[in-house]
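Everything below concerns the one structure shown next.
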Amino acid sequence: MANDPFFEAHHRTRQQQHQCMMMIQQPNNDDDVVPEHTCAQQQQQEQQNQSPKLAASSTSQNATPVLPAFVALLLLVTSIAPAALCHPLQGSNHTFRPNHELLKLRRVRAHLKKINKPSVKTIQDPPERPKGNHTNGEAERVIESFQLWSDSGEACPEGTVPIRRTTEEDILRASSIQRFGRKPRPVRRDSTGSGHEHAVVFVNGDQYYGAKASINVWAPRVTDEFEFSLSQMWVIAGSFGKDLNTIEAGWQVSPQLYGDNYPRFFTYWTTDAYQTTGCYNLLCSGFIQINNRIAIGAAISPRSAFNRRQFDIGLMIWKDPKHGHWWLEFGSGLLVGYWPANMFSHLRNHASMVQFGGEIVNTRSRGYHTDTQMGSGHFAEEGFRKSAYFRNLQVVDWDNSLLPLRNIHLLADHSNCYNIWQGTNNVWGTYFYYGGPGRNVRCP
């Protein structure tokens, strides 16, 4: 049953890293941002077989890397902090250039200093939740079991939030420091030729103040380091040119961003069509987290398995009518944080489109369509326990009420590679299956 999302999952032992960030209460001015300190922690944890967790690990560490002598000398000469020695650079098949590497390291560490010590504040007043949004009262008990990084009893104290630590390796995997933590560009609504392919349901033509859905979680295969596979909700305003505003949340597999192939809970935003603004998670100023149990960017476990039990996560994004901020809720009533309304131009008022579904990047790095999977890696027509799904799709209207979708549109950019099928029933409301394997005989 989709309502029983837990199944036995086997995990690897790996080192967990997180930071606890102080939150400053300033109810009198919602626009001020106050810098504060961080408290970094590292934990070695054994992942249990039957306990579903949300992990804050960035990579699996089964062996200690050897620090090359020339890199060690460089690190010493340039006065690099001891903590960075835990993450040595490992070069291969290229020539070491001291001046170039020194400049790059300085830039990387300057960027790390900014994103690992972000400024954070919260507002005291809770948002007004949409009418028709029902919680089961078990949110705190359930979500606690998803926190793998707190499995040993460690937790961020009240007044702090867990933040996934960004490492040098994370930044060095990006195409540039400037593009680190951002979606590849360009991104167009008609993504033909852009490298981005979608299978989505969307509604437009009205004023929208939020969206809600339960999203089936899988671990799709991503076959190229510079590709990703994700499933998410988009809240959208503006044109798909230079002024597009989006707020996004869901799960993704991104080897380039995280260094592994685990599905991870993520957020995203942009105010200029992914050009120079916005980022994933907490990798730039923008989204303000208030919850000390949810680690954004953390691995989700358990995941759904083909023809076995299914697992999904509930997400809701909506505009608080009291303060105007866009809030994110995880599961059954857990407030994760918010995007301040003054970050946006078009979304300062309302959204003009809401979209649900899957997206992949197809780099064609081998000269043909990628094998990267979307969803479960199976086509929509295979159905429950085989195809990935979204269920109980709703939007928030001007009166802060949750309503079913009307005038639904379906889009699959390349239906021979990834497709979509939508339906309605009394249990799942509006739902759809989507996804596919990528390259196949009909998708060369």
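Excluding ligands and nucleic acids, what accessible area in Å² is computed for residue 343 using a 1.4 Å probe, to the nearest 10?
40
Could the peptides 228-237, 271-280 be put in order, highest first, of the mean number of other beta-carbon atoms found within 10 Å of their residues?
Packing order, densest peptide first, comes out as 228-237, 271-280.
Let me check I've understood the local charge: for residue 400, count other residues with C-beta under 12 angstrom from its C-beta, Lys and Arg +1, Asp and Glu -1. What total comes out?
Numbers: positive: 129, 131, 319, 322; negative: 128, 320, 397, 399.
Net charge around residue 400: 0.
May I ask you to list the residues of the stretch 378-410 whose amide nitrogen lies under 14 Å from a point 7 Å from Cα along the Cα→beta-carbon direction of residue 207?
396-401
With charges only on Cβ, +1 for K and R and -1 for D and E, what is the dipole size of the stretch 179-329 about its Cα centre, in debye, rounded to 20? Before the final figure, lay out each step's value.
Details: 16 positive and 13 negative charges, 48 e Å.
Roughly 240 debye for the stretch 179-329.
With the crude spin-label approximation of a point 7 Å out along Cα→Cβ, what separation in nm comes out for residue 276 versus residue 106?
2.4
What residue among 355, 440, 339 has its Cα farthest toward the positive end of the dipole of the stretch 307-444, where the charges are +1 on Lys, Arg and -1 on Asp, Glu, each on the Cβ?
Going by the charge dipole, the pick is 440.
Could the peptides 424-435, 403-414 be put in order, highest first, of the mean number of other beta-carbon atoms found within 10 Å of their residues?
Working: 424-435: 19.1, 403-414: 15.6.
Highest mean packing first, the order is 424-435, 403-414.
The values are calculated or read from the model by the stated rules, or taken from the named source; none is laboratory data. Keep in mind that what you see is a predicted model, and the values were worked out from it rather than measured. Backbone-built Cβ (ideal geometry, glycine too); neighbour counts: all protein chains shown. The area values use the complete protein model at the heavy-atom level, side chains included, leaving out ligands, DNA and RNA. Shrake-Rupley method; radii C 1.70, N 1.55, O 1.52, S 1.80 Å.
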